Amino acid sequence: MEQHPLVIITGGTRGIGLATAKVLAAQGYALELWYQSRKEDADSAQAQLQQFSVPVLCRRVNIVDRKQVQDALNDVVRNHEAIHGLVNNAGILQQKPFATISDDDWERMVNVNLKGAFICSQEVMARMADNGGVIVNVASSGGQLGGMLAVHYAVTKAGIIALTKSLARVGAANAIRCNCVSPGLIVTEMTQGELNSDTGRDKISLHVPLARAGEAQEVADAIAYLLSGKATYITGQTLNVNGGLYMG
């Protein structure tokens, strides 16, 4: 039996991905942190996770390139008995008025935020079929509320929620659970522009009952719960981590 169950985290070297890696490493998971650019983030993540004494590998993978995903997973299964979990966290955010969103903007958003999760889930589920496993997708309250300045982003995150429900049904026969965490306004590098804007400050003061932005670790704790043995009868669900911004 593998001493450290393996979890793959896309976009795992910063923000919510890195916070999740720290929580999981503290719980004894082995980790594959996939990233696409910024090797300095990967080096920093590797250094920060050394204290936990668990296997950690930062791997450059373009999640929109199926061949790269397949090659990475073929290497993973050569070195691990099984893949316990996949966290589809990688994503981008672009804020601009709807009328100015270009076809290229739309295509890039859909590719990174939605197609990447589709490819990774499809390839990982094929390798989980004999042993079961857990997928946790990271959506956004934007996908539940809509987004006036990030329409294409909101659409992809709504798609992630639908993907979650569908994969929960598809994977159930092979003991694969799939759930979703939907963060609200969380303090990360990606959200700094919004949090520092008048619109962001107004959103917190007027629409978030807890009247503050969330921390990445608060999202990470929710992801870790859904990956754990405490959530074995939970699948197809969206866990909102948003301070009350959306209560649907």
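Things to note:
- Any chance residue 51 is without any contact (Cβ under 8 Å) to a residue 40 or more places away in the chain and not β-branched (Val, Ile, Thr): yes
- Taking (1) touching a residue at least 40 places away in the same chain (Cβ under 8 Å); (2) on the phi < 0 side of the Ramachandran plot in turn, residue 200 satisfies each apart from (1).
- Total residues in the range 84-113, condition in a helix (DSSP H, G or I), within 20 Å of residue 37 (Cβ to Cβ) and among the polar types (S, T, N, Q): 2
- Any chance residue 154 is touching a helix residue (DSSP H, G or I) at 6+ places or on another chain (Cβ under 8 Å) and touching a residue at least 40 places away in the same chain (Cβ under 8 Å): no
- Test for residue 181: is it aliphatic (A, V, I, L, M) and in a helix (DSSP H, G or I): no
- Qualifying residue in the range 22-32 (condition: surrounded by fewer than 22 Cβ atoms within 10 Å (Cβ to Cβ) and part of a loop (DSSP other than H, G, I, E, B)): yes
- Within the range 123-143, the residues that satisfy the criterion of being more than 15 Å from the chain's Cα centre (by Cα) and at pLDDT 95 or above are 123, 125, 126, 127, 128, 132, 133.
- Residue in the range 47-63 that is in a helix (DSSP H, G or I), under 18 Å from the mean Cα position of the chain (by Cα), at pLDDT 95 or above and not polar (S, T, N, Q) present: no
- Tally, over the range 197-242, of residues that are in a helix (DSSP H, G or I), at pLDDT 95 or above and loosely packed, with under 13 Cβ neighbours inside 10 Å: 2
- The residues of the range 203-243 that are in contact (Cβ under 8 Å) with a residue 40 or more places away in the chain, among the small types (Gly, Ala, Ser) and closer than 24 Å to residue 191 by Cα, listed by number, are 216, 220, 222, 224, 243.
- Which listed residue, of 75, 41, is among the charged types (D, E, K, R), in contact with a strand residue (DSSP E or B) (Cβ under 7 Å, 6 or more places away or on another chain) and either within 24 Å of residue 215 (Cβ to Cβ) or not in a strand (DSSP E or B) (or both): 41
- Residue that is surrounded by the most Cβ atoms within 10 Å (Cβ to Cβ) [pool: residues in the range 91-137 that are over 21 Å from residue 150 (Cα atoms) and of a type in the set (Asp, Glu)]: 123
- Residues (outside any helix (DSSP H, G or I), among the hydrophobic types (A, V, I, L, M, F, W, C) and farther than 16 Å from residue 203 by Cβ) located in the range 136-178: 136, 138, 139, 175, 176, 178
- Selection count where residues are at negative phi and in a loop (DSSP other than H, G, I, E, B), scope the range 122-135: 3
- Checked against (1) part of a helix (DSSP H, G or I); (2) surrounded by fewer than 20 Cβ atoms within 10 Å (Cβ to Cβ), residue 81 meets all criteria but (1).
- From 168, 158, residue being modelled with pLDDT of 95 or more and touching a Cys at 6+ places or on another chain (Cβ under 6 Å): 168
The values are calculated or read from the model by the stated rules, or taken from the named source; none is laboratory data. Model, not experiment: these values are computed from the prediction. Note that each Cβ is placed from the backbone with ideal geometry, even for glycine, and that neighbours are counted across all protein chains shown.
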